[in-house]
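Comments concern the structure below.
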Amino acid sequence: MAALKGSVLRPFAVLLFVCQIEAQAEDLYAYGEYLSGECLTCHRLDESAGQIPAIFGWPEDKFVEILAMYKHGARENAAMRNVAASLGDEEMAALARYFASQTPKESAQ
Amino acid sequence: MTNRTMTRRDFGSKVITVSAAAAAASLAAPAVLGAAKARVVVIGGGAGGGTVARYVAKGSDDIAVTLINDSPTYSTCFFSNLYLGGFRSFESISHSYDTLAADYGIEVVIDRAAGLDGNGRTVTLANGDTLNYDKAVVAPGIDFKFDAIEGYGPDAVETMPHAWQAGAQAKNLKRQLLDMEDGGTFVICPPPNPFRCPPGPYERISMVAHYFKSYKPHSKIVVLDAKNKFSKQKLFEDGWARHFPDMIEWLPLDITGGVKAVDVASNTIITDDEKFQASVANVVPPQKAGQIAQDAGLADESGWCPIVPETLASLQVPNVHLVGDAIIPGDMPKSGFSANSQAKVCAQAILAELASKQAFKPRFRNTCWSLITTDDSIKVGANYEATEEKIAKIEGFVSQADESDEVRAQTAAEARAWYDAITADIFG
């Protein structure tokens, strides 16, 4: 099993390393698209909202501002504070870029 | 929705044979060669499998995705306690695969996956058909260790339902609760760790208590726990004391010695020194990864499946990934939220390998909401990361005992909104 573990893991270790460098080379939208998967467990990409608001189509600066408020304790929700704690400036900017470009019409795909 | 299954012959001509050297030279061999789509076969259409299928399908047009599930609809375990409590209809927790088939081009096969051959890279269906894959994702959920409690075999589940897989079992337990006379005793036996949905038994106790309080107020709940502590224990116990005083008796392992046997004929549960006669018995046995994971050599001696944390690849069989309750999840709990989170990391790894898509550092999250009674909900959650060794917890949070009624009501509403979002994320 140890040998197999090495063979499975090694190609991905290389792959991830390369791709993180590419991410720093400003593919903000692609990074945001990846990160958005975490948001979409709770936030729908359509009009339906309820207690958890829709977050697409916002101005990027507003999106980042609200995340920062959770991160610094200016907003209450414990789940969102925990989410924001895991996001650095680059992650917030990437998410803002991605969700700003989304419209409910595109939610089916 | 299509019920058509593809046989080896149907698509055998499209599967590229790549030599080991060529495969090693290019991780994206099938896409680069362009002659055929790479093929991903997903076994199990729950929170893990459904999400992997959808994210791989929407991530690349160069991958053909097949999703195998043994039923045309999937009833979620999460929120099935709310069905028992009278908060949700069964229909509201049941989902079809129609959107995954129609909008994402996923081939949905309604059959049981009977076997997986890691060397031949094939999945065999119960109907005998064989499907080839470049990557298989096995998301079979849980199965039960039926040899753990004397007398509690597969035949016992009709009389003493576990209801730890939604669907017929949840309906069975609900019917028994509805049929029970006021003044009866509901005996529930939560399983030992690790098991699906750590707060689940205690949310279930809360939901049954809520139902009893409204309709059968002279009834009692006895909890014969296989553990000495449980998830969100202080919050649940505080809620039980406030909402259901004197209704619930929780007996930890140290007091009873645990459930040793059951007698189905008399609906009796037997511990070291006592026999508990139940009006309704809910026995949740010790658990292990779903049967196909055992049969395909994906599980280790623990009964669960070891994985590479950053890709969810099997440590035991190449070209197979695993997500959800069947895996050894490190610090993550076994939950629908966790499965959905793991599925996105898994989908990214598959897209990177088969379609040369950009891959980023894996991130994992879980949140579990539990309803205690109408408009009183609590939650617990955490962020996780992949280390060499395991999926490791970074930072987390949990509801506080002194929260206002308003906060608890907001948390309950949040849970309802989450259910709508995650099921859209899984089933499209």
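The values are calculated or read from the model by the stated rules, or taken from the named source; none is laboratory data. Being a predicted model, the structure only gives us computed values, none of them experimental. Because the Cβ atoms are built from the backbone with ideal geometry, glycine has one as well, and the counts that use them run over all protein chains shown. Heads up: the accessible areas ignore ligands, DNA and RNA and are worked out on the full protein's heavy atoms, side chains in. Shrake-Rupley method; radii C 1.70, N 1.55, O 1.52, S 1.80 Å.
So the values come out like this:
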quantity: Residue match in segment B:182-196 (condition: β-branched (Val, Ile, Thr) and over 23 Å from B:Val284 (Cα atoms)); calculated: no
quantity: Total residues in segment B:387-399, condition free of Cβ contacts under 8 Å to residues at least 40 places away in the same chain and surrounded by fewer than 17 Cβ atoms within 10 Å (Cβ to Cβ); calculated: 2
quantity: Every residue from segment B:383-409 that is in a helix (DSSP H, G or I) and either within 9 Å of chain A (Cβ to nearest Cβ) or touching a Pro at 6+ places or on another chain (Cβ under 8 Å) (or both); calculated: B:Val407
quantity: Criterion violated by B:Val108 - all others in (1) farther than 24 Å from B:Trp304 by Cβ; (2) at pLDDT below 95 satisfied; calculated: (2)
quantity: Positions within segment B:285-308 being in contact with a strand residue (DSSP E or B) (Cβ under 6 Å, 6 or more places away or on another chain) and closer than 17 Å to B:Pro191 by Cα, in sequence order; calculated: B:Pro285, B:Gln287, B:Lys288, B:Ala289, B:Gly290, B:Gly303, B:Trp304
quantity: Search result, residues across segment B:318-355 that are assigned to a loop (DSSP other than H, G, I, E, B) and either modelled with pLDDT under 95 or under 12 Å from the mean Cα position of the chain (by Cα) (or both); calculated: B:Val323, B:Pro333, B:Lys334, B:Ser335
quantity: B:Ala412 vs. criteria more than 7 Å from chain A (Cβ to nearest Cβ), in a loop (DSSP other than H, G, I, E, B) and either among the small types (Gly, Ala, Ser) or within 30 Å of B:Thr73 (Cα to Cα) (or both); calculated: no
quantity: Filter result (open to solvent by 10 Å² or more (accessible area, probe 1.4 Å), more than 8 Å from chain A (Cβ to nearest Cβ) and part of a strand (DSSP E or B)) within segment B:365-375; calculated: B:Cys368, B:Trp369, B:Leu371, B:Thr373
quantity: Pairs where the first residue, in segment B:352-364, is under 16 Å from B:Ala38 (Cβ atoms) and within 9 Å of chain A (Cβ to nearest Cβ) and the second is in a loop (DSSP other than H, G, I, E, B) and open to solvent by less than 10 Å² (accessible area, probe 1.4 Å), C-beta under 6 Å, 6+ apart; calculated: B:Ala352/B:Ala359
quantity: Residue list for segment B:339-351, restricted to those being more than 10 Å from every other protein chain (Cβ to nearest Cβ) and of a type outside the set (A, V, I, L, M); calculated: B:Gln342, B:Cys346
quantity: Selected residue (only one of B:Lys288, B:Lys275 is open to solvent by 10 Å² or more (accessible area, probe 1.4 Å) and either closer than 19 Å to B:Cys197 by Cα or of a type in the set (S, T, N, Q) (or both)); calculated: B:Lys288
quantity: Any hit, segment A:20-38, residues being within 9 Å of chain B (Cβ to nearest Cβ), at pLDDT below 95 and assigned to a loop (DSSP other than H, G, I, E, B); calculated: yes
quantity: Search result, residues across segment B:232-258 that are in a loop (DSSP other than H, G, I, E, B) and open to solvent by less than 30 Å² (accessible area, probe 1.4 Å); calculated: B:Lys232, B:Phe244, B:Met247, B:Pro252, B:Gly257, B:Gly258
quantity: So B:Asp129, is it closer than 30 Å to B:Gly258 by Cα and open to solvent by 20 Å² or more (accessible area, probe 1.4 Å); calculated: no
quantity: Checking B:Ile378 against (1) open to solvent by less than 30 Å² (accessible area, probe 1.4 Å); (2) at the interface with chain A (Cβ under 9 Å from one of its Cβ atoms); (3) touching a strand residue (DSSP E or B) at 6+ places or on another chain (Cβ under 6 Å); (4) over 23 Å from A:Ile55 (Cβ atoms), the condition it does not meet; calculated: (2)
quantity: Criterion (within 14 Å of chain A (Cβ to nearest Cβ) and either of a type in the set (Lys, Arg) or surrounded by fewer than 24 Cβ atoms within 10 Å (Cβ to Cβ) (or both)) met by exactly one of B:Ile328, B:Ile307; calculated: B:Ile328
